[in-house]
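The values are calculated or read from the model by the stated rules, or taken from the named source; none is laboratory data. All values reported here derive from a predicted model rather than from experimental measurement. Heads up, the Cβs are rebuilt from the backbone with ideal geometry, glycines too, and the neighbour counts pull from every protein chain shown. Just so you know, the surface numbers come from the protein's heavy atoms only, side chains and all, with ligands and any DNA or RNA stripped out. Shrake-Rupley method; radii C 1.70, N 1.55, O 1.52, S 1.80 Å.
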Amino acid sequence: MSLPNKHYGELKDSYLFFNIAQKVKKYQTEHPDKKMYRLGIGDVSLPLCDAVIKALHKGVDDQANKDSFHGYMPECGAPFLREKIAEYYNKRGIDITAEEAFVSSGASDELGDIIDMFDRNTSVLIMEPAYPAYVDANVMAGKKIYHLPTSSDEGFLPTPKSAEKEGIKADVIYICSPNNPTGAVYTKAGLKEWVDYANTNGSVILFDAAYEAFIEDDSLPKSIFEIEGARTCAIEICSLSKTAGFTGTRLGYTVIPKTLERDGMNFNAMWVRNRTTKTNGVSYIIQVGGAAVFTDEGQKQIHENINIYKNNAKVIMEALDAVGIWYCGGKNAPYVWMKCPDGMGSWEFFDYLLENIQVIGTPGEGFGKCGEGYFRFSSFGSPEDTKEAAERIKNLLKK
Ligand code: PLP
């Protein structure tokens with residue numbers, strides 16, 4: 001007898017990056033002399049900064065000696081790293097303790113695992129266009145999913161009123177700010193509306209802050225815990241992937257306040273129980289490397305890299321400004337989300353760019369139906385290629 005989770009059969013095949021790769025491969029086979037300009041990737045291109053590399057080497061050396069060797073690490077994270085993460089929040093005036101900061105192997109892992117803490121019958125609200133893992137992880141878990149479509153009319157930042165208008169009342173609310181794919185960022189007032197809504201309705205917000213380090217406007221919140229009331233309704237999931245180039249090194253953290261409770265159950269205590277059962281901790285070496293990100297030297301160096309990406313975003317935005325195309329994101333996020341010109345569909349525009357100027361982006365439709373007619377550019381490519389791509393976009397789209 002076999003008893004597979006039948007919900008896997010409800011997953012929609014993700015053709016987005018597969019289709020992109022196929023189209024690019026076909027074009028390259030037919031035009032081997034053409035250089036491609038890749039503004040589609042969501043992966044970083046710059047190496048780890050010096051402070052992290054030095055710390056990683058130290059971590060390796062520690063493992064070579066009996067006196068400094070570490071075996072299993074504490075499941076919820078090494079105290080030295082949990083303290084550094086708490087300090088990172090405290091320095092910004094946010095009251096988080098080390099016991100509220102859990103070390104993870106990355107945000108994707110956490111986004112999948114965290115669902116374990118919610119009852120089988122909980123419903124989830126996902127604002128679309130969205131990072132595809134939110135939907136897929138909840139389909140696998142058999143949750144009821146409410147898709148909340150958003151549009152340029154609300155700057156791709158829906159309010160609780162938008163949910164009410166659609167008749168949606170969900171137990172768990174996903175918020176990603178700065179957003180992937182739209183690059184849109186909630187203001188404090190915008191997040192406060194969701195915090196009040198969640199506290200009133202007993203919902204829990206899963207706040208994905210994977211791109212918080214790209215926020216340069218001081219008035220915008222980098223953490224949901226900057227918002228009054230968030231400690232009783234929110235969990236924050238963070239990643240060092242884009243912040244510090246850890247996509248291939250793997251490290252993240254999750255903040256669960258001790259004050260988050262529903263039906264007499266405490267989420268911080270539940271997560272301790274979950275982690276001590278389902279993980280044996282993150283590698284000591286990687287945690288030593290991660291701790292270096294939170295030092296003054298590490299912060300300075302990661303921001304030098306982030307600024308290179310941000311400058312790429314600026315170059316893309318300037319090209320779109322020059323040809324009068326609507327977009328959002330870019331300023332406080334690594335993604336620029338543009339409206340396709342002349343009513344073109346997302347894939348139509350993808351083909352148009354590929355065939356005419358060899359620039360590769362990501363069709364908005366891949367992030368949910370309401371992304372149709374939009375297109376995402378990423379700023380994680382090389383500055384040289386981004387400059388050339390922006391020039392080509394400008395020349396192609398000028399009227
Ligand atoms: N959350 C968002 C919004 C992302 O865009 C990504 C990666 O692209 C992740 C989470 C996953 O991050 P990690 O590399 O830490 O798993």
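Overview of results
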{"item": "Every residue from segment 157-167 that is open to solvent by 10 Å² or more (accessible area, probe 1.4 Å) and either outside any helix (DSSP H, G or I) or small (Gly, Ala, Ser) (or both)", "result": "157, 159, 162, 166, 167"}
{"item": "Residue in segment 136-146 that is at positive phi and surrounded by fewer than 21 Cβ atoms within 10 Å (Cβ to Cβ) present", "result": "yes"}
{"item": "Scope segment 248-294; condition surrounded by fewer than 17 Cβ atoms within 10 Å (Cβ to Cβ) and polar (S, T, N, Q); matching residues", "result": "259, 266, 276, 277, 280"}
{"item": "Those residues of segment 145-170 which are in contact with a helix residue (DSSP H, G or I) (Cβ under 7 Å, 6 or more places away or on another chain) and not hydroxyl-bearing (Ser, Thr, Tyr), in sequence order", "result": "145, 148, 149, 154, 157, 160, 169"}
{"item": "Hey, residue 53 touching a Pro at 6+ places or on another chain (Cβ under 9 Å) and within 16 Å of the ligand (Cβ to nearest atom) or not", "result": "no"}
{"item": "Segment 187-209 - residue that is assigned to a loop (DSSP other than H, G, I, E, B) and open to solvent by less than 10 Å² (accessible area, probe 1.4 Å) and, of those, farthest from the ligand (Cβ to nearest atom)", "result": "203"}
{"item": "Which listed residue, of 25, 54, 91, is in contact with a helix residue (DSSP H, G or I) (Cβ under 9 Å, 6 or more places away or on another chain) and either at pLDDT below 95 or open to solvent by 60 Å² or more (accessible area, probe 1.4 Å) (or both)", "result": "54"}
{"item": "Failed item in (1) closer than 30 Å to residue 307 by Cβ; (2) assigned to a helix (DSSP H, G or I); (3) modelled with pLDDT of 95 or more; (4) open to solvent by 30 Å² or more (accessible area, probe 1.4 Å), with residue 47 passing the rest", "result": "(2)"}
{"item": "Among residues of segment 369-389, those that are part of a strand (DSSP E or B) and over 14 Å from residue 315 (Cα atoms), counted", "result": "3"}
{"item": "Strands (runs of 3 or more DSSP E) fully within segment 234-349 counting 1 or more residues that are over 30 Å from residue 76 (Cα atoms) and outside the structural domain of residue 134 (by TED's automatic domain parsing)", "result": "327-329, 335-339"}
{"item": "Selection within segment 65-81 - without any contact (Cβ under 8 Å) to a residue 60 or more places away in the chain and not hydrophobic (A, V, I, L, M, F, W, C)", "result": "65, 66, 67, 68, 71, 79"}
{"item": "Of all residues in segment 123-138 being modelled with pLDDT of 95 or more and β-branched (Val, Ile, Thr), the one that is farthest from the ligand (Cβ to nearest atom)", "result": "124"}
{"item": "Among the residues listed as 123, 105, the single one being in contact with a Lys or Arg (Cβ under 8 Å, 6 or more places away or on another chain), within 25 Å of residue 13 (Cα to Cα) and open to solvent by less than 60 Å² (accessible area, probe 1.4 Å)", "result": "123"}
{"item": "Tabulated pairs, segment 98-122, first farther than 11 Å from residue 137 by Cβ and away from the ligand (no atom under 14 Å from the Cβ), second assigned to a strand (DSSP E or B) and among the charged types (D, E, K, R), C-beta under 8 angstrom, 6+ apart or interchain", "result": "121/144; 122/144"}
{"item": "Pairs where the first residue, in segment 222-243, is acidic (Asp, Glu) and the second is more than 16 Å from the ligand (Cβ to nearest atom), C-beta under 7 Å, 6+ apart", "result": "226/94; 226/188; 236/225"}
{"item": "Residue list for segment 228-247, restricted to those being open to solvent by less than 10 Å² (accessible area, probe 1.4 Å) and away from the ligand (no atom under 12 Å from the Cβ)", "result": "230, 233, 234, 235"}
{"item": "Test for residue 224: is it out of contact with any helix residue (DSSP H, G or I) (no Cβ under 9 Å at 6 or more places or on another chain), among the aliphatic types (A, V, I, L, M), more than 30 Å from residue 13 (Cβ to Cβ) and within 16 Å of the ligand (Cβ to nearest atom)", "result": "no"}
{"item": "Counted residues, segment 272-309 - those being in contact with a helix residue (DSSP H, G or I) (Cβ under 7 Å, 6 or more places away or on another chain) and farther than 20 Å from residue 101 by Cα", "result": "5"}
